[in-house]
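Visitor: Shown below is the structure under consideration.
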Amino acid sequence: KLGEKITQDTLYWRGYKGGTPVQIKEFGAVNKIDFSPVPPYNYAVTASSRIHIYGRYSQEPIKTFSRFRDAAYCATYRDDGRLLAAGSEDSSIQLFDVSGKAPLREFDGHTKAVHVVGFLSDKYRIFSGGDDYSSILWDIPSATEVISYSEHTDYVRCGCASKVNADIFVTGSYDHTVKLFDARTKGSVMTIEHGHPVESVLLFPSGGLLVSAGGRYVKVWDVLKGGQLLVSLKNHHKTVTCLCLNSSGQRLLSGSLDRHVKIYSTTSYKVVHSFNYATSILSLALSPEDETIVVGMTNGVLNVKHRKPEERNEKSQKKRQPAYRTYVKGRTYMPKQEDFSVSKPVKRVLRKYDKLLKSFQSSKALDAVLEPPIMLHTPEVTVAVMQELHRRGTLRSALAGRDEKQVNLLLTFVARRVIEPRFTPVLVTVADMITDIYQPVVGQSAIVDKQFLKLQEAVGKEIDYQEELLEVLGMMDTLFATFTKKRDT
């Protein structure tokens, strides 16, 4: 098995550990989990003939609705988190106040089990879908049926309402189709062929994209283009049962009977992470702030994973800096008479050529002082290094093995400075050595030859000059001799 590639997503989704995940046992298979849209973000779990409300960190239900004659399905919160609607096996739909016990309303009109209920975004109407192949729209205040659609040819098992338009809702059925209904029209306004019995549908918050799950496929459709298929994802190897989006809409999650939850990026539709669980997954939900993932399974176990809030994480990783007062401590201290002050040792920074001389790299040390700034402005440094190399006996090896350009530089420097009295003793030696070393290559490079000639000329001029000076000295000696007084003996 190849090592998996660690991405930002991997690190993010792995953050949903929080120690060991909480396992809560329900009475039957968990067919629906729905988070309340308002803080403290409790969640409703529908299993067997009960609806349990759990707090985010509670192990036991805070509240239970158990007034169902038979199995309950699809308990869903309204946008304000105050009402809860649920379908049931005995074909009725119950509406509960979250703070009450008994149902506020009961809607009768279906002839078979109702597996799907949801609120339209105007908050005053409910849509439902049943095993009698029909979808019905209900008015909450009057508890009456507004309109009924019987277009599906098999069980209606999933649905969702548009957040953008209060008249639009979608249902998915085992007849392999997804239908889009508009409450203002008599029939469906769009039919999408999924190709397998549809287990779950989801509208993006913008209302422009629709996701359907059924068989092994998760398919994404563009509603605005008349239901055009954008992408078909086949990442599960058993039926996909549930879908959900994270709060930013950038990640899509799908759960399946193959025990996996896959997480897709909604820009590339690639799988960015995957969770696996103990048994087949029937329902899943992400809390509104992406802090909790709850998964419901066929064996009635709820698996709850929490993510640590980001801020606390950062604080623990960040090393605590000393407080401000630590830095200003002792600033105002005045020395007493008996105190004596200890100064810090001054750190000496060595020049480049000094470092190289210390490490016995004679050639490099010579290179360092032949750089134009040093050579032009502080020639005494260059000459001092040459003198030191000569003292060490490594000057010859430092001068040898140079190319045309470097010999040219050396000769230029020597020819220019050999006539300065303070440098003459050292540079004459250097000139001798250069002449010895590079004598065999004379005539091969016009540039070097030219510099040799310049050096010869400079030395020639200097000799003439010295001769003239000696003559002058002779003359002066004669003059000085005539000035001396003759002493009487």
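The values are calculated or read from the model by the stated rules, or taken from the named source; none is laboratory data. All figures in this text were calculated on a predicted structure; none of them were measured in a lab. Positions of Cβ are backbone-derived with ideal geometry, glycine not excepted, and every protein chain shown enters the neighbour counts. Areas reflect the complete protein model, heavy atoms only, side chains present, ligands, DNA and RNA absent. Shrake-Rupley method; radii C 1.70, N 1.55, O 1.52, S 1.80 Å.
Visitor: Just to verify a number: what accessible area does ARG125 come out at with the full protein assembly present, 1.4 Å probe, Å² rounded to tens?
Guide: Using a 1.4 Å probe on the heavy atoms, I get roughly 40 Å².
Visitor: Using only Cα atoms, tell me the angle between helix 446-483 and the longest principal axis of the chain; keep it within 0 to 90° and round to the nearest 10.
Guide: 40 degrees
Visitor: Rounding to the nearest 20 debye, state how big the charge dipole of segment 352-479 is about its Cα centre with +1 on each Lys and Arg Cβ and -1 on each Asp and Glu Cβ.
Guide: Charge dipole of segment 352-479: 820 debye, to the nearest 20.
Visitor: Normalised radius of gyration for segment 288-445, please: alpha carbon Rg relative to 2.2 N^0.38 Å, two decimal places.
Guide: 2.25
Visitor: When we measure straight from the Cα of LYS308, which lysines land under 28 angstrom away, once same-chain ones fewer than 8 places off are left out?
Guide: By straight Cα distance, LYS308 reaches LYS5, LYS17, LYS25, LYS32, LYS63, LYS262, LYS270, LYS318, LYS319.
Visitor: Among VAL385, VAL459, ALA365, whose Cα lies farthest out toward the positive end of the dipole of segment 352-479, if unit charges sit on the beta carbon of Lys, Arg (+1) and Asp, Glu (-1)?
Guide: ALA365
Visitor: Follow-up. Which one, ALA415, ALA398, ILE437, is farthest towards the positive end of the dipole of segment 352-479 when Lys and Arg carry +1 and Asp and Glu -1 on their Cβ?
Guide: ALA398
Visitor: Can you grab the distance from the C-alpha centre of segment 331-353 to the C-alpha centre of segment 122-147, Å, no decimals?
Guide: 86 Å
Visitor: Still on this structure: Any idea what % of Cα-Cα pairs in the chain are farther than 46 Å?
Guide: The calculated P(r) of the chain puts 49 percent of pairs beyond 46 Å.
Visitor: Based on the mean of other Cβ atoms within 10 Å per residue, sort peptides 188-198, 205-215, 401-411 so the most packed one is first.
Guide: 205-215, 188-198, 401-411
Visitor: What is the extension gain from ASP449 to ASN276, computed as 0.36 nm multiplied by their sequence separation minus the C-alpha to C-alpha distance, in nm to one decimal?
Guide: Gain on stretching ASP449 to ASN276: 54.1 nm.
Visitor: Moving on. Please calculate how many Å² of accessible area segment 9-306 carries per residue, with a 1.4 Å probe and no DNA, RNA or ligand atoms counted.
Guide: 39 Å²
Visitor: Length gain on complete extension for the stretch LYS225 to LYS101, per 0.36 nm per residue less the alpha carbon to alpha carbon distance?
Guide: 40.1 nm
Visitor: A further question follows. If I model a spin label as a point 7 Å beyond the Cα along the Cα-Cβ vector, how far apart are those points for VAL428 and LEU376 in nm?
Guide: Placing both labels 7 Å along Cα→Cβ, they lie 3.0 nm apart.
Visitor: On a 0 to 90 degree scale, rounded to 10, what angle separates helix 424-438 from the longest Cα axis of the chain?
Guide: With rounding to tens, the tilt is 70 degrees.
Visitor: Around VAL369, under 13 Å between beta carbons, what's the net of Lys plus Arg minus Asp minus Glu among the other residues?
Guide: Neighbourhood net charge equals 0.
Visitor: Sticking with this one: With all protein chains present, how much of the accessible area of segment 9-306 (probe radius 1.4 Å) comes from carbon and sulfur, to the nearest whole percent?
Guide: 49 percent
Visitor: In debye, nearest 20, what is the charge dipole magnitude of the chain about its Cα centre with +1 on Lys and Arg Cβ and -1 on Asp and Glu Cβ, if you could check?
Guide: 1740 debye
Visitor: Under the rule of -39500 (n - 2.57) per DSSP H run of 4 or more residues, summed and divided by the residues of the chain, what mean residue ellipticity at 222 nm is obtained, to the nearest 500 deg cm²/dmol?
Guide: -8000 deg cm²/dmol, from helical runs alone.
Visitor: Taking the simple approach of a point 7 Å from Cα along Cα-to-Cβ for both ALA323 and LEU469, what is their distance in nm?
Guide: Going by the 7 Å Cα→Cβ label model, 7.5 nm.
Visitor: Using label points projected 7 Å from each Cα along Cα→Cβ, tell me how many nm separate THR185 and GLN59, to one decimal.
Guide: Reported label-point gap for THR185 and GLN59 is 5.3 nm.
Visitor: Follow-up. Using packing as a proxy for protection, rank 75-81, 367-373, 460-466 so that the peptide with the highest average count of other Cβ atoms within 10 Å comes first.
Guide: 75-81, 367-373, 460-466
Visitor: Once both axes come from the Cα atoms, what is the angle between helix 404-417 and the longest principal axis of the chain, in degrees from 0 to 90, rounded to 10?
Guide: Long axis of 404-417 versus the principal axis of the chain: about 50 degrees.
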